[in-house]
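Notes to accompany the following structure.
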Amino acid sequence: MKYHLITLGCQMNLSDGERVISVLNDAGYTWTDNEEEAGLIGILACSVRQKAIDKVYSRIHKWNKWKNHKNLVTFISGCILPDDHTKFLKLFDITFQMKDLPKLPEMIGQYGVTTSVHLKTGIDPYNENIEEFWHVQPSYQSNFEAFIPIQNGCDKFCTFCAVPYTRGREVSRPSKEIVAEVALLAAQGYKSITLLGQNVNSYGLDKKGEELTFAQLLAEIGELGEKSEKKFWVYFTSPHPRDMNEDVIEVIAKYKVLGKQIHLPMQSGDDKVLMHMNRKHNMERYRGLIQSIRRIIPEATIFTDIIVGFTGETEEQFENTRLAMEEFKFNMSYTAMYSPRPGATSHRWIDDIPHDEKKRRLHILTNELRKHNIQFNKSMVGKTVRALVRGEDRKEGFLSALTEGKLIVRFAADDKNLVGNFVNLKITGATDFSMEGERV
């Protein structure tokens, strides 16, 4: 039977999808790029944004119509809120949590033989038996970039966030498995490896005294990189400012293999809004972390996440966020307009910021980011950087690469064999969100 899988959302879902593909391939199913040819169609959903959930409903209604003239089995997993999960139970043939992935072939085999209730699992907040999922060997979708899950779940319960309700409580993967997977990928020639978790720097806190801390885990990977003859960069996403500390920053500074790019979500630049979001830190702490990064790793790029138009956000509070962006001069900000998620605490509150006002605030922060980016990128002109070639650029005759700090550089080249390899580029030009260079 042919199968087709659609993955929505973040890098964690992309990583999970690589394990889904492995399980289905091992069970004898054959991948097809054309969903109309498939007898088995799955989707890894993301309840974090309503737009992603809307895509799920659009797809499943289409697929269920196909059942009128063809045999088709559908399944869904991923980050799904309880409210969405209840609705999907009626629409999909199979629903399961990712920790139950090893049982998926059995579920498919049972479909139409036994009652469908056995094929539809609920949401387990404690992530029992997730180790079986981690033991599935992923089918990496790139031969030079890879994701490694190191932790699942989140205990922070930010009022806007769906993750604790979709991924459950924090569970750390054994560090020996993580280091072994990094070593295997490096030996196979992978150049960029990203450690994944909903809150990576709380790694090991659920197993105090039994497991490494996040800083210690990074140090072990750093030592591995020092001993390896291979050249590669290791990144992580996403940390939480509450658990971030100088130990992690100092380890990144110490080891060449640890990429000098840090993604540190701010969400808001106002203390009252942060309190309303239940972020469990204030701007004084966040500012201290940024200052530590600038002092210990001056060459590091800093990315962030920001929400505009959160419930009750005043113009003054929004201005504090803009001022914070002006102060910290982020290299990239993933800024989103607030949208209430059913099941999250803030869903019970009035969404009192009009959509047009959210768009206006988003536009202001985008312009703020653009202003700082162009200044930084122009300062790079004339410098030579090492970059990893990722593929063809939209500009004809050019390839696109990422620097160690994950900044985009395009350069003229016809040799597609450069994709997946490091090159040295001299920066010759700059725009707000990218640079141009030439090989040296």
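Values computed for the structure shown
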{"read-out": "Stretchable slack from LYS55 to GLU284, in nm (0.36 nm times residue separation minus alpha-carbon distance)", "value": "78.5 nm"}
{"read-out": "Computed over region 384-439: relative contact order in percent, which uses C-alpha pairs under 8 Å that are six or more apart", "value": "35"}
{"read-out": "Residue-span extension gain [SER292 to VAL440] - 0.36 nm each, minus C-alpha spacing", "value": "49.9 nm"}
{"read-out": "Antiparallel bridges, percent of DSSP beta bridges restricted to region 139-379 (to nearest 5)", "value": "10"}
{"read-out": "³J(HN,Hα) computed for each position of region 13-22 - Karplus, 6.51 cos²θ - 1.76 cosθ + 1.60, integer Hz, glycine/proline x", "value": "5, 4, 5, 4, x, 5, 7, 4, 4, 4"}
{"read-out": "Share antiparallel - DSSP beta bridges, the chain, percent rounded to 5", "value": "35"}
{"read-out": "Trypsin sites (Lys or Arg not before Pro) within region 202-231, DSSP loop, no more than 10 other Cβ atoms inside 10 Å", "value": "LYS208"}
{"read-out": "Overall form of region 2-119 per C-alpha gyration tensor (a/c, 1.5; a/b vs b/c)", "value": "rounded"}
{"read-out": "Amide H partners (placed H, <5 Å) of PHE398, local residues excluded", "value": "ASP393, ALA413"}
{"read-out": "Full-extension gain in nm, GLN188 to ARG169, via 0.36 nm per residue minus C-alpha separation", "value": "3.5 nm"}
{"read-out": "Trypsin sites (Lys or Arg not before Pro) restricted to region 24-98 and DSSP loop, no more than 12 other C-beta within 10 Å", "value": "LYS67, LYS70"}
{"read-out": "Positive minus negative residues near ARG49 (Lys, Arg vs Asp, Glu; Cβ under 11 Å)", "value": "+2"}
{"read-out": "At most 16 other Cβ within 10 Å, DSSP loop - GluC sites (Glu not before Pro), region 187-226", "value": "GLU210"}
{"read-out": "Hz values of 3J(HN,Hα) by residue in region 315-322 - Karplus curve (6.51, -1.76, 1.60), Gly and Pro given as x", "value": "4, 5, 5, 4, 4, 5, 5, 4"}
{"read-out": "Length-normalised contact order for the chain - Cα pairs under 8 Å, 6+ apart - percent", "value": "10"}
{"read-out": "Karplus-derived 3J(HN,Hα), 6.51/-1.76/1.60, for each residue of region 395-406, Hz, glycine and proline x", "value": "7, 4, x, 10, 10, 10, 9, 10, 6, 4, x, 6"}
{"read-out": "Label assignment, semi-axes √(5λ) of the Cα gyration tensor in Å derived from the structure, set (1) 35, 28, 23; (2) 38, 32, 21; (3) 38, 24, 20", "value": "(1)"}
{"read-out": "Pairwise label distance in nanometres, PHE157 with ASP351, each label 7 Å out on the Cα-Cβ vector", "value": "2.3"}
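A short reminder: the numbers here are calculations on the coordinates, not readings from a lab. Given the structure is predicted, the values throughout are model-derived calculations rather than measurements. In this analysis, Cβ positions are derived from the backbone assuming ideal geometry, glycine residues included, and neighbour counts consider all displayed protein chains.
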